[in-house]
1. With respect to the numbered conditions (1) among the small types (G, A, S); (2) at pLDDT 95 or above; (3) closer than 21 Å to I53 by Cβ, which one is the sole condition not fulfilled by S100?
2. Taking region 53-97 only, how many residues are of a type in the set (D, E) and assigned to a loop (DSSP other than H, G, I, E, B)?
3. When you look at D34, is it buried (at least 18 other Cβ atoms within 10 Å of the Cβ) and of a type in the set (D, E), yes or no?
4. In region 93-103, what residues are open to solvent by less than 60 Å² (accessible area, probe 1.4 Å) and either within 11 Å of the chain's Cα centre (by Cα) or without any contact (Cβ under 8 Å) to a residue 40 or more places away in the chain (or both)?
5. Looking at region 1-14 only, could you name the residues that are open to solvent by less than 100 Å² (accessible area, probe 1.4 Å), of a type outside the set (G, A, S) and out of contact with any Ser or Thr (no Cβ under 8 Å at 6 or more places or on another chain)?
6. So the check is Cβ under 8 Å with 6+ separation or different chains; which pairs have a first residue in region 22-42 that's over 22 Å from I84 (Cα atoms) and a second one that's open to solvent by 100 Å² or more (accessible area, probe 1.4 Å) and of a type in the set (S, T, N, Q)?
7. Pick out the one residue from S43, S70 that is surrounded by 14 or more Cβ atoms within 10 Å (Cβ to Cβ) and among the small types (G, A, S).
8. Just checking, which of N124, N109, N101 is in contact with a Phe, Trp or Tyr (Cβ under 6 Å, 6 or more places away or on another chain) and outside any strand (DSSP E or B)?
Amino acid sequence: MNNSTNIKIKLLNENAKVPNKKYELDIGYDLYSDNQYLLKAQSVTMVHLGISIELPNHVGGFVLPRSGLSSKHLIAPINSPGLIDPGYTGELIVPLMNFSNIDYTVECNERVAQLVAINTQTINFQQVD
């Protein structure tokens, strides 16, 4: 039985990298910056990933923080979790908040967030007494 889901991806520049998992049992796919970015202390920086994806119907993508980046440097997506709907096919950009008082430089191809795909079904709410 094959439980995989195919997601179409387009690399938008030469620094873009296909998301991947470090370990087979990981649920999140690492997302990589497409360039070097200076994250000023107490500020939000839009970090481009250089990729666009097309999610299948009934699949949502959640962009979540990386625990190492958030616990060691106090940096995480400001809108976490960020939701990618199946209809969105534009470039993926992560608004990273530097909650610390120290500037931080994200290097090109540094892991900045992770993507978790969730299979969904349409929900029908039935009102009851």
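1. (3)
2. 1
3. Values: buried (at least 18 other Cβ atoms within 10 Å of the Cβ): yes; of a type in the set (D, E): yes.
The answer is yes for D34.
4. Here is the first cut: in region 93-103, the residues open to solvent by less than 60 Å² (accessible area, probe 1.4 Å) are 94-98, 100.
Matches in region 93-103: V94, P95, L96.
5. Just the residues of region 1-14 that are open to solvent by less than 100 Å² (accessible area, probe 1.4 Å), to begin with: 4-5, 7, 9, 11-13.
Those still in the list that are of a type outside the set (G, A, S) too: 5, 7, 9, 11-13.
Scanning region 1-14 gives T5, I7, L11, N13.
6. Listed pairs, sorted by first residue: A41/N101; Q42/N101.
7. Only one candidate passes the filter, namely S70.
8. Working: N124 fails: in contact with a Phe, Trp or Tyr (Cβ under 6 Å, 6 or more places away or on another chain); N101 fails: in contact with a Phe, Trp or Tyr (Cβ under 6 Å, 6 or more places away or on another chain).
None of the others qualify; the one that does is N109.
The values are calculated or read from the model by the stated rules, or taken from the named source; none is laboratory data. Since the model is a prediction, treat every value here as computed from it, not as a measurement. Backbone-built Cβ (ideal geometry, glycine too); neighbour counts: all protein chains shown. With ligands, DNA and RNA removed, areas are computed over all heavy atoms of the protein, side chains included. Shrake-Rupley method; radii C 1.70, N 1.55, O 1.52, S 1.80 Å.
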